[in-house]
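Worksheet: the structure to be examined is printed underneath.
Read-outs throughout are calculated quantities, based only on the coordinates presented, and are distinct from any laboratory measurement. Since we're looking at a predicted model, the values are computed, not measured. Neighbour counts run over all protein chains shown; Cβ positions are idealised from the backbone, glycine included.
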Amino acid sequence: MLAVQQLESGYGESVILRDISLRVRAGQVVCLLGRNGVGKTTLMKTVMGLLKVRKGEVRYNGADMTRKAPGLRARAGIGYVPQGREIFPQLTVYENLLLGLEASRDGAVQLPEEAHRRFPVLPAMFGRRGGDLSGGQQQQLAFARALVSKPELLLLDEPCEGIQPSIVDDIREVIRSIKGDGRTAILLVEQSLEFVKDVGDYFYVIDKGGIAWEGEPEALTEEVVRQYLTV
Amino acid sequence: MELFVLQLFNGLSISSILLLVALGLAITFGLMKVINMAHGELIMIGAYATYLTQNLFISYMPAELFDWYFVLAVPVSFGIAFLIGMVLEAGLIRFLYGRPLDSLLATWGVGLVLQQLARTIFGAPNVAVKSPAWLDGGMVVMGGTLLPYKRLFIIALVIACLVAMYLYIYRSNEGRRMRAVMQNREMAACLGISTRRVDRMTFAIGSGIAGIAGCALTLLGPIGPSLGTYYIVDAFMVVVLGGVGKLVGTILGATGIGMFNTMFEYWTNASLGKVLVFVCIVAFLQWKPSGFVAMRTRSLD
């Protein structure tokens, strides 16, 4: 579904990622692991089209997306929940969700039931401004906003970073249930090894801007963790 | 009492003119952060569009319909300024987003070109636009105070523009996209919004409203190629004083300047009154640099 080949990318003159190749198949949950600053978020931004690809290519459902704008990728079915949530602070929660419809491929004008069902706390906050929500609530809003367009591939960049434990549990539950439905593939950046081992189908470990290790959950041994992930 | 009503009306009238002139800028500068020095020339274009509409009516329409040309002139000036704004955005402004100094110089240059263009087409002397007969005269209130219909019409036009802008920005799908792009361009793009299209539309609408302002200015006196230069400073003043990015702030800014201007002019004279208004504005901005209405939310940190 998503195929990244020999990708090289970065900010301005500085190259962050070198020779990255990875695949996400339909319905699969693929996890990106790695220490801080190795390029996980850079990879997510490059897949979404926010950063220019210097070399290599990004293919999605067989189509070449390497030079396509983020909007086109969104309308092709890629949903993005960025690190830091990036909700629209001056818009209401409801308006934030409605903007998720921009990328929907069935031309829907009403919010699909799905967004409410997975995040039951949101409807009560529809009238409040996005910027007035707590960090955890903003994260749920950003997640729901990405689900509104019913994406086939979801890019989740540290969805549980810096939010209260009860909401972390809610969000993990949502990720599990999306995996259970099997309609949406997920590319997940996440720090909690315990959680990714539970939910992931395939793993890539990034180190120094390249893929240092990849494999199935069973192969993710203590040794791998010690070598690439412990600080 | 009579005097009070008259002064209040004068203040309101000046406020409405200031507001109309500044509304378009509230979009292009307030929302899009483009320092658009050609805003005055877009007003001038609206005024000449009204002049053209008038001439076309004189040449091609029966004389008894002449009075209605002004009803058509409002949408015509909006349309022409809208189109020129769209061309300007596509040809120049879009290369200058996030470069305030460059856009200041470039749009100033565009302003000069447009002024010269008007001189070439219509000639350097001012031209007169004849107001329709139904706007002559005025309403007499409280035994003797005359409120001219032209001034009342401009106040009504401003209110209509405000309502239309409010509905567009805060109630329509296009407006929601616009606000999303202005608040977080990257994320809006990631949700599938075409930011190019939104930028073009937003700038064009701001220009179109400047056109309507130009149309209204034809009611107040003759118009010439340098019409816009008289209003550009006032327009920026209103937007900056009101607080960049908020429609409510622009309304407050225009009302504040208009009211104080009338008051000071009554107490002193026209030029000293203007000086006092500027002093007040400078003092106020020292105290509150972000204007009357500042954006307040935790997520702007």
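For chain A, what is the Kirkwood hydrodynamic radius in Å, using each pair of distinct C-alpha atoms?
Radius from the Kirkwood sum: 17.9 Å.
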Revision key, fill the gap. With Cα springs under 10 Å, the Gaussian network model of chain B assigns the largest mean-square fluctuation among B:S59, B:S16, B:S77 to B:S59
Point to revise | Normalised per residue, the volume of the convex hull around the Cα set of the stretch B:2-300 (Å³) | key: 153 Å³
Review point. How high is the relative contact order of the stretch B:137-281, in percent, with contacts defined as C-alpha pairs under 8 Å that are six or more residues apart?
Key: 9 percent
Review point. For the stretch B:14-30, in order, what is each residue's ³J(HN,Hα) by Karplus, 6.51 cos²θ - 1.76 cosθ + 1.60 with θ = phi - 60°, in whole Hz (x at glycine and Pro)?
Key: 4, 4, 5, 5, 4, 5, 4, 5, 8, 4, x, 5, 4, 7, 6, 8, x
Review point. Which is the longest part of chain A that has none of the trypsin sites (Lys or Arg not before Pro) sitting in a DSSP loop with at most 16 other Cβ atoms within 10 Å?
Key: A:129-182
Review point. Relative contact order (percent) for chain A, with alpha-carbon contacts under 8 angstrom and 6 or more residues of separation?
Key: 28 percent
Point to revise | Built amide H within the under 5 Å cut-off of B:G138, gap 5+ | key: B:Y149
Practice item. For A:N61, enumerate residues with amide H under 5 Å from its amide H, sequence gap 5+ or separate chain, H modeled in the peptide plane. Key: A:L2, A:A3
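Classify the stretch B:72-214 as rounded, prolate or oblate from the Cα gyration tensor: take a ≥ b ≥ c as the square roots of its eigenvalues, call it rounded if a/c is under 1.5, otherwise prolate when a/b beats b/c and oblate if not.
Cα axes put the stretch B:72-214 in the oblate bin.
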Practice item. From the P(r) of the stretch B:1-76, can you give the percent of Cα pairs sitting at distances over 14 Å? Key: 72 percent
Practice item. Divide by every residue of chain A the summed helix terms, -39500 (n - 2.57) for each DSSP H run of at least 4, and state the resulting mean residue ellipticity at 222 nm, rounded to the nearest 500 deg cm²/dmol. Key: -9000 deg cm²/dmol
**Study point:** Part-to-part distance (alpha-carbon centres) for the stretch A:89-114 and the stretch A:61-78, which is given in Å
**Key:** 19 Å
**Study point:** Residue mean of other protein chain beta carbons inside 10 Å, B:189-202
**Key:** 6
Review point. GNM, chain A, Cα, under 10 Å: largest mean-square fluctuation among A:T41, A:T221, A:T66?
Key: A:T221
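Which ordering of A:C31, B:C161 is given by a fewest-first count of other beta-carbon atoms within 10 Å?
Values: A:C31 23, B:C161 20.
Fewest-to-most Cβ neighbours within 10 Å comes out as B:C161, A:C31.
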**Study point:** Cross-link reach list, lysines versus B:K246, counting only Cα pairs under 18 Å and skipping chain neighbours closer than eight places
**Key:** B:K33, B:K288
Study note, to complete from the structure: quick note, the protein assembly as shown, DSSP beta bridge pairs, % antiparallel (nearest 5) is 60 percent
Review point. So what are the stretch A:40-92's ellipsoid semi-axes, whole angstrom, largest first, if each one is the square root of 5 times an eigenvalue of the alpha-carbon gyration tensor?
Key: 22, 13, 9
Check your understanding: Is the shape of the stretch B:1-152 rounded, prolate or oblate, going by the alpha carbon gyration tensor and its root eigenvalues a ≥ b ≥ c, with a/c under 1.5 for rounded and a/b larger than b/c for prolate?
Key -> oblate
**Study point:** Bridge type composition, chain A - antiparallel percent by DSSP, nearest 5
**Key:** 55 percent
Review point. Given only helices, namely DSSP H runs of n ≥ 4 each adding -39500 (n - 2.57), what is the per-residue ellipticity at 222 nm of chain B, to the nearest 500 deg cm²/dmol?
Key: -23000 deg cm²/dmol
**Study point:** Estimated vicinal HN-Hα couplings, Hz - the stretch B:54-71 in sequence order (Karplus 6.51, -1.76, 1.60; Gly, Pro = x)
**Key:** 4, 5, 5, 5, 5, 7, 10, 10, x, 4, 6, 8, 3, 4, 8, 4, 5, 4
**Study point:** 3J(HN,Hα) from dihedral phi, the stretch B:169-185, Karplus parametrisation 6.51/-1.76/1.60, rounded to Hz, x for glycine, proline
**Key:** 6, 9, 10, 9, 5, 4, x, 5, 4, 4, 5, 4, 5, 5, 8, 7, 4
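In Å³ and rounded to a whole number, note down the convex hull volume per residue for the Cα atoms of the protein assembly as shown. Intermediate results must be reported in sequence, preceding the final value.
Numbers: hull volume 100.9 nm³, N = 532.
Given the Cα convex hull of the protein assembly as shown, per-residue volume reads 190 Å³.
Taking each residue of A:87-96 in turn, how many C-beta atoms of other protein chains fall within 10 Å of its C-beta, and what is the average?
Neighbouring Cβ atoms belonging to other protein chains average 5 per residue here.
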Review point. What are the lysines whose alpha-carbon lies under 17 Å from the alpha-carbon of A:K179, with same-chain residues fewer than 8 places away excluded?
Key: A:K150, A:K197
Practice item. Please order B:Y51, B:Y60, B:Y166 by the number of other Cβ within 10 Å, starting at the fewest. Key: B:Y60, B:Y166, B:Y51
Practice item. Would you order A:V109, A:V199, B:V275 from fewest to most other beta-carbon atoms within 10 Å of each residue's own beta-carbon? Key: A:V109, B:V275, A:V199
Exercise for review: In a Gaussian network model over chain A where Cα atoms closer than 10 Å are linked, find which of A:E173, A:E161, A:E194 has the largest mean-square fluctuation.
Suggested key: A:E194
Check your understanding: Distance from the Cα centre of the stretch B:277-294 to that of the stretch A:142-189, in angstrom?
Key -> 46 Å
